[in-house]
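Trainee: Just dropping this structure here.
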Amino acid sequence: ISNEFTVDQTDPIISVSYDNNTAQNGKYFAKARIATIIIKEHNFDVERVDFSALTASLDKNEIAKPEIKWEHHGNTHTATISFAVDGDYTFDIAYTDLADNACAGAQYGDSIAPTEFTVDKTLPEVSVTYNNNDAKNDKYFAAARTATIVVKEHNFDVNRVTFTQTAKLNGTDITIPSASWVNNGDVHTATIVFDKDGDYTFDVIVKDMAAN
């Protein structure tokens, strides 16, 4: 029987903070965010830190998990994780020390969406084409035109598409044609049919869930 032993009755304390808490729609971030994890523990073993709840995916496909970097200063052990790649992330942490004292749960303070969030730094791609480009005198068309708007965006919300349109005939407002949408994965296609005589203006702005 060894005559050297350690008494440790103190539970580890874990606190987590993020440098970026500017979320859109609750959990969408347009810039990378870095998590800083601080574990206060005298009898520390990095191999006993449980990051099993850390997941990373994009379009439901697993992607590489971000690297975990450690620094140790006495009883304070600090890990940083940079969530810099577009993806859907879950995060949690648990720790049990060498005396089997378990942390009661990480403290996240005022962090926004600390355990489930999405990083989306990619701007939506928007293109507009017309089936009829046979203009007379620059802007006059003798036949109907159909506009096809293609949006390439992973975190898409049709309610965040803004069409700026006017429609007039002889200076009087007429019905503005509406968009009809078809979605296929990250590709979202709208068609607008201009089949009534009139003077039209058209523009479109798309914001994704992260406000890109």
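The values are calculated or read from the model by the stated rules, or taken from the named source; none is laboratory data. All values reported here derive from a predicted model rather than from experimental measurement. No Cβ is skipped: glycine too gets one built from the backbone with ideal geometry, and neighbour counts run over all protein chains shown. SASA here: full protein model, heavy atoms, side chains in, ligands and nucleic acids out. Shrake-Rupley method; radii C 1.70, N 1.55, O 1.52, S 1.80 Å.
Trainee: For the chain, which span is the longest to avoid every loop-located (per DSSP) member of GluC sites (Glu not before Pro) having at most 13 other Cβ atoms inside 10 Å? Walk me through the numbers on the way to the answer.
Mentor: Numbers: sites that count: E4, E67.
The longest such stretch corresponds to 68-212.
Trainee: What aspartates and glutamates does K60 reach when the alpha-carbon gap must be under 13 Å and sequence neighbours fewer than 8 apart in one chain are set aside?
Mentor: The qualifying aspartates and glutamates are D86, D88, D186.
Trainee: Most mobile of A102, A142, A79 per a Gaussian network model of the chain (Cα springs, under 10 Å)?
Mentor: Answer for the Gaussian network model of the chain: A142.
Trainee: Which entry in (i) 18.9, 54; (ii) 27.0, 101; (iii) 23.3, 76 matches Rg and Dmax of the Cα atoms in Å derived from the coordinates of this structure?
Mentor: This structure yields the entry labelled (ii).
Trainee: Which stretch or stretches of the stretch 54-96 have amide N atoms under 14 Å from the point lying 7 Å from V46's Cα along the Cα→Cβ direction?
Mentor: Within reach of a label on V46: 67-74, 76-81.
Trainee: In Å², what does the accessible area per residue of the stretch 32-189 work out to with a 1.4 Å probe? Provide the component values of the computation, followed by the final result.
Mentor: On the way: 9470 Å² over 158 residues.
Ligands and nucleic acids excluded, the result is 60 Å² per residue.
Trainee: Also, quick follow-up: Round to the nearest 0.05 the FRET efficiency obtained for E71 and N184 when R0 = 45 Å and r is the Cβ-Cβ distance. Write down the numbers at each step before the final one.
Mentor: Working: r = 46 Å, r/R0 = 1.02.
Computed FRET efficiency for E71 and N184 comes out at 0.45.
Trainee: Looking at the chain, what % of its DSSP beta bridges pair antiparallel, to the nearest 5?
Mentor: Working: 63 of 66 bridges.
If I count the DSSP bridges inside the chain, around 95 percent turn out antiparallel.
Trainee: While we're looking at this one, here's another question. Take the Cβ-Cβ distance between A99 and E125 as r, set R0 to 35 Å, and report the resulting FRET efficiency rounded to the nearest 0.05.
Mentor: Rounded to the nearest 0.05, the efficiency is 0.05.
Trainee: Leaving ligands, DNA and RNA out of it, report the carbon-plus-sulfur percent of the accessible area of the chain at a 1.4 Å probe.
Mentor: Within the chain, the accessible surface is 48 percent carbon and sulfur.
Trainee: Determine which residues of the stretch 176-197 fall in the zone a paramagnetic label at K139 would reach in this model, i.e. backbone nitrogen under 18 Å from the point 7 Å along Cα→Cβ.
Mentor: 176-177, 194-197
Trainee: Using label points projected 7 Å from each Cα along Cα→Cβ, tell me how many nm separate F5 and I176, to one decimal.
Mentor: 7.9
Trainee: Can I ask one more? Based on alpha-carbon centroids, what's the gap between the stretch 23-81 and the stretch 88-139 in Å, whole number please?
Mentor: Answer, in whole Å: 15.
Trainee: I want the local charge near W70. Using Cβ-Cβ distances under 14 Å, sum +1 for each Lys or Arg and -1 for each Asp or Glu among the other residues.
Mentor: -3
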